[in-house]
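Undergrad: Dumping the structure here so I can ask a few things about it.
Each reported figure results from applying straightforward, stated rules to the coordinates on display, with no laboratory input. Every value quoted in this text rests on a predicted model; they were computed, and no experiment measured them. Counting neighbours? That spans all protein chains shown, and the Cβs are built from the backbone with ideal geometry, glycine included.
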Amino acid sequence: MTRLTAALVLLLAAAPAAALDYRSLKEPAVMYDAPSVKATPLFVVARATPVEVVVADAAWLKVRDAAGTMAWIEKRAVSEKRTLIVPAARAQARAKPEEKAPLLFEAEKDVVLEPVQAAQDGWVKVKHRDGQEAYVRVNQLWGL
């Protein structure tokens, strides 16, 4: 390995990881296997579903969903707004950011929640579509 190659490897290893770019869908959208409407449609994703942007070009985004599936979506269907989704069977929503706080509700798998405050100490304050706000453990959500 040359000195230049070794220096480049060290520099890249020391560089901070890029922040994850999560967004949500403004409308229901078709996911494709390539960045073209002529590509094979894979499935449709519901409005407000969060996705992680992996690659972006002028009109298309390659995204990952909560299940880990990667596909292409038209950029116009995606909002800058962030939402969160429950990837497991249930997420417990509590009155305070404490394990022993009263349980306000349980959000079932694939329920989309809106973050109200940034995550802190392993909890995030969320809002359910019915308007109820509560705290959920970050490890019970995807999209943070």
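Undergrad: Can you give the angle from 0 to 90° between the axis of helix 3-14 and the longest principal axis of the chain, with both taken from C-alpha atoms, to the nearest 10?
TA: Taking Cα atoms only, the helix is inclined about 10 degrees.
Undergrad: Given +1 on the Cβ of Lys and Arg, -1 on the Cβ of Asp and Glu, and no further charges, what dipole in debye does the chain carry about its Cα centre, rounded to the nearest 20? Let's see the in-between values first.
TA: Numbers: 20 positive and 17 negative charges, 31 e Å.
Magnitude of the dipole: close to 160 debye.
Undergrad: Shifting gears a bit: When ranked by the protection proxy of mean other Cβ atoms within 10 Å per residue, highest first, what sequence do the peptides 85-92, 42-49 form? Working shown, then result.
TA: Details: 85-92: 17.0, 42-49: 14.9.
My ranking of the peptides, most packed first, is 85-92, 42-49.
Undergrad: Could you check the simple spin-label distance between residue 109 and residue 47, using points 7 Å along Cα→Cβ, in nm with one decimal?
TA: 2.5 nm
Undergrad: For the range 39-51, in order, what is each residue's ³J(HN,Hα) by Karplus, 6.51 cos²θ - 1.76 cosθ + 1.60 with θ = phi - 60°, in whole Hz (x at glycine and Pro)?
TA: 6, 6, x, 9, 6, 10, 10, 6, 4, 6, 5, x, 9
Undergrad: Within the range 111-144, report the trypsin sites (Lys or Arg not before Pro) that DSSP leaves as loop and that have at most 13 other Cβ atoms within 10 Å.
TA: Taking the range 111-144 and a limit of 13 other Cβ atoms within 10 Å, the loop trypsin sites (Lys or Arg not before Pro) found are 129.
Undergrad: How many nm is it between the label spots at residue 27 and residue 92, if each spot is 7 Å from the Cα in line with the beta carbon?
TA: Rounded to a tenth, the inter-label distance reads 4.1 nm.
Undergrad: Take the alpha-carbon centre of the range 58-106, take the same for the range 18-53, and report the distance between them in whole Å.
TA: For the range 58-106 versus the range 18-53, the Cα centre distance is 13 Å.
Undergrad: Taking the dipole about the Cα centre of the chain, with the C-beta of Lys and Arg at +1 and of Asp and Glu at -1, give me whichever of 69, 144, 112 is farthest to the positive side.
TA: Of the candidates, 144 comes out farthest on the positive side.
Undergrad: Check cross-link reach from residue 96 to the lysines: straight Cα distance under 20 Å, and skip same-chain residues fewer than eight apart.
TA: Result set, ordered by chain and number: 125, 127.
Undergrad: Divide, for the range 17-79, the radius of gyration over alpha carbons by 2.2 N^0.38 Å, where N is the residue count. Write out the running numbers ahead of the final one.
TA: Working: Rg = 10.6 Å, N = 63, 2.2 N^0.38 = 10.6 Å.
Computed over Cα atoms of the range 17-79, the ratio equals 1.00.
Undergrad: Given [x] 32, 17, 15; [y] 21, 19, 14; [z] 31, 24, 11 as candidate values of semi-axes √(5λ) of the Cα gyration tensor in Å, which corresponds to the one derived from the coordinates?
TA: Given [x] 32, 17, 15; [y] 21, 19, 14; [z] 31, 24, 11, the structure-derived one carries the label [z].
Undergrad: Please state the Cα pair-distance histogram of the range 84-140 with 5 angstrom bins from zero: what percent is in each bin?
TA: Spelled out per bin, shortest first, that is 4, 24, 36, 27, 9, 0.
Undergrad: Still on this structure, I have one more. Hey, what did the range 66-144 get for relative contact order, percent, Cα under 8 Å, at least 6 apart? Display every interim value, and only then the final one.
TA: Numbers: 148 pairs, mean separation 25.0, N = 79.
For the range 66-144, the relative contact order is 32 percent.
Undergrad: Still on this structure, please answer the following. Below 8 Å between Cα atoms, with a sequence gap of 6+, how large is the relative contact order for the chain in percent?
TA: Values: 306 pairs, mean separation 26.8, N = 144.
This gives 19 percent for the chain.
Undergrad: How big is the charge dipole of the range 17-79 about its Cα centre, in debye rounded to the nearest 20, if each Lys and Arg gets +1 on its Cβ and each Asp and Glu gets -1 on its Cβ?
TA: Values: 8 positive and 7 negative charges, 29 e Å.
Using Cβ point charges on Lys, Arg, Asp and Glu, the range 17-79 gives about 140 debye.
Undergrad: Okay, moving on. What does the extension gain come out to for residue 101 and residue 80, with contour length at 0.36 nm per residue minus their alpha carbon separation? Before the final figure, lay out the partial values.
TA: Working: separation 21, 0.36 × 21 = 7.56 nm, distance 3.22 nm.
Full extension from residue 101 to residue 80 adds 4.3 nm.
Undergrad: Multiplying the sequence separation of residue 57 and residue 129 by 0.36 nm and subtracting their Cα-Cα distance, what value in nm do you get?
TA: Working: separation 72, 0.36 × 72 = 25.92 nm, distance 3.17 nm.
Length difference between fully extended and current span is 22.7 nm.
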